[in-house]
Amino acid sequence: MVILYGSCILKVFLSSYKHNSKLNVYVGQFVEQAVEIATIGNTGEASTGPHLHFELWKIMNQLILI
């Protein structure tokens, strides 16, 4: 799941949430703080239990900086 933040191309962030067992929001939905967007999962080749991979990307001039 990826969430886009911001309205100006110079101040846009993306957050990525991976290994979910269930998505609780739909594409294009506006979400606010404290909204449960997904249920943590136990996916991945070497998974040993429920976990979450979180990434935050800053986009500057249409380039993603990781």
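What to note about this one:
- Unmet criterion (only one of (1) of a type outside the set (Gly, Ala, Ser); (2) part of a loop (DSSP other than H, G, I, E, B); (3) surrounded by 11 or more Cβ atoms within 10 Å (Cβ to Cβ)) for Glu45: (3)
- Some residue of segment 49-62 being under 14 Å from the mean Cα position of the chain (by Cα), at pLDDT 90 or above and of a type in the set (Lys, Arg): no
The values are calculated or read from the model by the stated rules, or taken from the named source; none is laboratory data. Every value quoted in this text rests on a predicted model; they were computed, and no experiment measured them. Glycine gets a Cβ as well: all are built from the backbone with ideal geometry, and neighbour counts include every protein chain shown.
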